[in-house]
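Here's the structure, in structure tokens; my notes come after.
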Amino acid sequence: MTDYDPGNIFARILRNEVPSARVYEDDEFVAFKDIAPKAPVHILVIPRHEGTTAPSALLESDAGWMGRMVVAATKIARAEGLDERGYRLVMNSGPDAHQEVQHIHLHILGGKSLDSMA
Ligand code: 5GP
């Protein structure tokens, strides 16, 4: 991805140049609390690898790690006690979705009854 900026805030968090409240990490992914939570539990899951800016930039070859990122998010949600009441996984892509940070990420939102999407 030629338009990936290694100076983006999540890349800086990955390099520990910027502090974050990490709740999970493994070889591929890091998860930390959102700085401006939209729900009692609001966690961001990001891949360690740099280069993918947004869902719109995904390729067929990204299917493996993307699937593993979703599974990692479900494990984090379980560890946060969200399984019983439920939660939302969200990915924003591009300006109409108000994507702020150009390092692909998955939001985990829960801990209250979220607004209906219907
Ligand atoms: P987006 O709108 O791109 O899908 O979501 C980006 C998210 O990153 C927002 O919910 C925003 O609050 C969060 N965020 C932006 N800067 C920081 C930061 O420096 N630290 C943390 N923990 N979250 C951030």
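Values quoted throughout were computed directly from the atomic coordinates according to the rules given, and no laboratory measurement underlies them. Please read these numbers as outputs of a predicted model, since none were measured by experiment. No Cβ is skipped: glycine too gets one built from the backbone with ideal geometry, and neighbour counts run over all protein chains shown.
Here is a check on your reading of the model: is Ile76 β-branched (Val, Ile, Thr) and either more than 15 Å from the chain's Cα centre (by Cα) or assigned to a strand (DSSP E or B) (or both)? It is false that Ile76 is β-branched (Val, Ile, Thr) and either more than 15 Å from the chain's Cα centre (by Cα) or assigned to a strand (DSSP E or B) (or both).
Here Asp62 passes the criteria (1) closer than 24 Å to Val41 by Cα; (2) buried (at least 17 other Cβ atoms within 10 Å of the Cβ) except the one numbered (1). Residues in region 83-101 that are more than 10 Å from the ligand (Cβ to nearest atom) and charged (D, E, K, R): Asp83, Glu84, Arg85, Arg88, Asp96. For Ala77, the conditions (1) in contact with a Gly (Cβ under 7 Å, 6 or more places away or on another chain); (2) of a type in the set (A, V, I, L, M); (3) within 14 Å of the ligand (Cβ to nearest atom) all hold with the exception of (3). Checked against (1) touching a Ser or Thr at 6+ places or on another chain (Cβ under 9 Å); (2) farther than 21 Å from Arg22 by Cβ; (3) of a type outside the set (S, T, N, Q), His103 meets all criteria but (2). Evaluating Asp96 against the criteria (1) closer than 23 Å to Ser20 by Cα; (2) of a type outside the set (S, T, N, Q); (3) not in a loop (DSSP other than H, G, I, E, B) leaves one unmet condition, (1). As a summary of the residue check, Thr52 satisfies the conditions (1) closer than 27 Å to Gly111 by Cβ; (2) crowded, with 17+ Cβ neighbours inside 10 Å; (3) more than 10 Å from the ligand (Cβ to nearest atom) except for the one numbered (1).
In the set (1) assigned to a strand (DSSP E or B); (2) buried (at least 20 other Cβ atoms within 10 Å of the Cβ); (3) in contact with a helix residue (DSSP H, G or I) (Cβ under 9 Å, 6 or more places away or on another chain), the condition left unmet by Ile104 is number (1).
Given the criterion surrounded by 18 or more Cβ atoms within 10 Å (Cβ to Cβ), assigned to a strand (DSSP E or B) and of a type in the set (A, V, I, L, M), identify the matching residue among Ala31, Ala39.
Values: Ala39 fails: assigned to a strand (DSSP E or B).
Answer to the selection: Ala31.
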